[in-house]
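Enquirer: Please read through the structure below; I'll follow up with questions.
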Amino acid sequence: MKDNRPFRLGRIDYANAWPLFHYISEETADGLEIVRDVPSGLNRALQTGDIDMSAISSFSYAENADRYYILPELSVSSPSRVNSILLFLNKPLDEVLCGTIAVTNTSATSVNLLRVLMEQRFGGAPTYVAQPPNLDAMLAKADAALLIGDPAIRASWQQRGGTVLDLGELWRNWTGHGMTFALVAVRRELAPSAAHVIERIYRAMQDSKRRSLQELEPLVSKARTLIGGTAEYWHRYFTELKFDFGPREQAGLQLYYDYAYELGLLKRKVKMEYWPTISAVQVNE
């Protein structure tokens, strides 16, 4: 950590990551500071060392696997439909595959998953243009638009009339695997000096996940207040997501990394490595 500053934990504040953080506060550990941002912002901050541990895009972990450890049993994953990683089409898919797709500038995993699907699954060669997450502005100049997180949820409630594709569902139908969109990672150089605080935060995140999923009502109420929608929608939303990172999630993510490497999106093959104070038994149970 730089200049004796507090230990900084990055929090994705999209609803899909809430269970990991809902019961975490800056009183969780002495000197803890929580930094909230979209995935792309947290990806950059962990790379530069401005934060020390964070939920980040799974793709960002792959790009920096030699500099990070994964905290096991924590993720934002989906066995199929994810409901908040959505491709909105202005034209039929066969035209989109050779057209232009506007992609959100707030994510890495989803944009590269889209590329894997469009190019390797469907054999397309679209042009990708990164833009802020505003669906109307994106579709004004593109044949399709990729949104993630809360903006994708809000846009899915609009009666637009076009086709909407769920990338988690497309991935499952193609590969038979679920998809992991975000991991929790920590910078490797902190292993000697910050092991105690990392362990404490890790246990607190596990507890937050457990408590959140045992009683969804606090998350549902928060979502209805901040985002909108019905209680039924949010119960289904949080139930269909998974927040573990066991063998099934690991297998699906490894396949994604292999496809990304084949497509040239990653410079090297990825071997996932875990925070060394957590036993291998825990990682694979």
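Throughout, read-outs are computed from the coordinates displayed, never taken from laboratory work. Owing to the predicted nature of the structure, the values given are computational and were not obtained by experimental measurement. Backbone-built Cβ (ideal geometry, glycine too); neighbour counts: all protein chains shown.
Enquirer: In whole angstrom, note down how far apart the Cα centers of the range 1-44 and the range 223-245 are.
Expert: 21 Å
Enquirer: Tell me, what is the percent relative contact order of the chain, built from C-alpha pairs under 8 Å that lie six or more residues apart?
Expert: Numbers: 530 pairs, mean separation 82.2, N = 285.
Relative contact order for the chain comes out at 29 percent.
Enquirer: Could you tell me the extents of the range 85-175's C-alpha atoms along the three principal axes, largest first, rounded to whole Å?
Expert: Ordered largest first, the range 85-175 gives principal extents of 28, 24, 23 Å.
Enquirer: May I ask you to order 245-254, 264-273, 161-170, 50-59 by the average number of other C-beta atoms within 10 Å around their residues, highest value first? Before the final figure, lay out the partial values.
Expert: Values: 245-254: 18.9, 264-273: 14.0, 161-170: 17.2, 50-59: 26.1.
Those peptides, ordered most packed to least, come out 50-59, 245-254, 161-170, 264-273.
Enquirer: Label residue 141 and residue 231 with points 7 Å out from Cα along Cα→Cβ: what is the distance between them in nm?
Expert: Taking the two extended label points, one gets 4.4 nm.
Enquirer: Moving to a separate point now. Note down the relative contact order for the range 85-175 as a percent, whole number, built from C-alpha pairs under 8 angstrom at least six residues apart.
Expert: Numbers: 147 pairs, mean separation 42.3, N = 91.
Value for the range 85-175: 46 percent.
Enquirer: Exactly which trypsin sites (Lys or Arg not before Pro) in the range 100-154 are in a DSSP loop and have at most 12 other Cβ atoms within 10 Å? Can you show the working numbers first?
Expert: Details: sites: 115, 121, 141, 154; in loops: 141.
Loop-located and lightly packed - 141.
Enquirer: So how tilted is helix 247-262 from the main axis of the chain? Cα-based, degrees 0 to 90, rounded to 10.
Expert: Approximately 60 degrees, to the nearest ten.
Enquirer: Calculated FRET efficiency, residue 100 and residue 251, Cβ-Cβ r, R0 35 Å, to nearest 0.05? Please report the intermediate quantities before stating the final value.
Expert: Values: r = 33 Å, r/R0 = 0.95.
E between residue 100 and residue 251, to the nearest 0.05, is 0.55.
Enquirer: Next up: Considering only C-alpha atoms, what is the centroid distance from the range 96-110 to the range 73-89, in Å?
Expert: Their Cα centres are 15 Å away from one another.
Enquirer: Next question. In nanometres, what is the gap between the two model label sites at residue 154 and residue 262, each 7 Å from Cα along Cα-to-Cβ?
Expert: Taking the simple label geometry, residue 154 and residue 262 are separated by 3.8 nm.
Enquirer: Here's another thing I want to ask about it. Work out how much length residue 122 to residue 91 would gain on full extension: take 0.36 nm times their residue separation and subtract the Cα-Cα distance, in nm to one decimal. List each step's numbers first, then the result.
Expert: Details: separation 31, 0.36 × 31 = 11.16 nm, distance 1.56 nm.
Result: 9.6 nm gained on full extension.
Enquirer: How big is the charge dipole of the chain about its Cα centre, in debye rounded to the nearest 20, if each Lys and Arg gets +1 on its Cβ and each Asp and Glu gets -1 on its Cβ?
Expert: Values: 31 positive and 33 negative charges, 42 e Å.
Rounded to the nearest 20 debye, it is 200 debye.
Enquirer: Here is a further query. Can you pull out the GluC sites (Glu not before Pro) in the range 24-106 whose DSSP state is coil and whose Cβ has at most 14 other Cβ atoms within 10 Å? Before the final figure, lay out each step's value.
Expert: On the way: sites: 26, 27, 33, 63, 73, 95; in loops: 26, 27.
Sites meeting the loop and neighbour criteria: 26, 27.
Enquirer: Just need the relative contact order of the range 1-91 here, percent rounded to a whole number, with Cα pairs under 8 Å and 6+ apart. Don't skip to the end; give the middle numbers.
Expert: Details: 86 pairs, mean separation 27.1, N = 91.
The normalised contact order for the range 1-91 reaches 30 percent.
Enquirer: Oh, and also: So which chymotrypsin sites (Phe, Trp or Tyr not before Pro) in the range 98-188 end up in coil per DSSP with only 13 or fewer other C-beta atoms within 10 Å?
Expert: On the way: sites: 122, 128, 157, 171, 174, 181; in loops: 122, 157.
Here the sparse-neighbourhood loop sites are 157.
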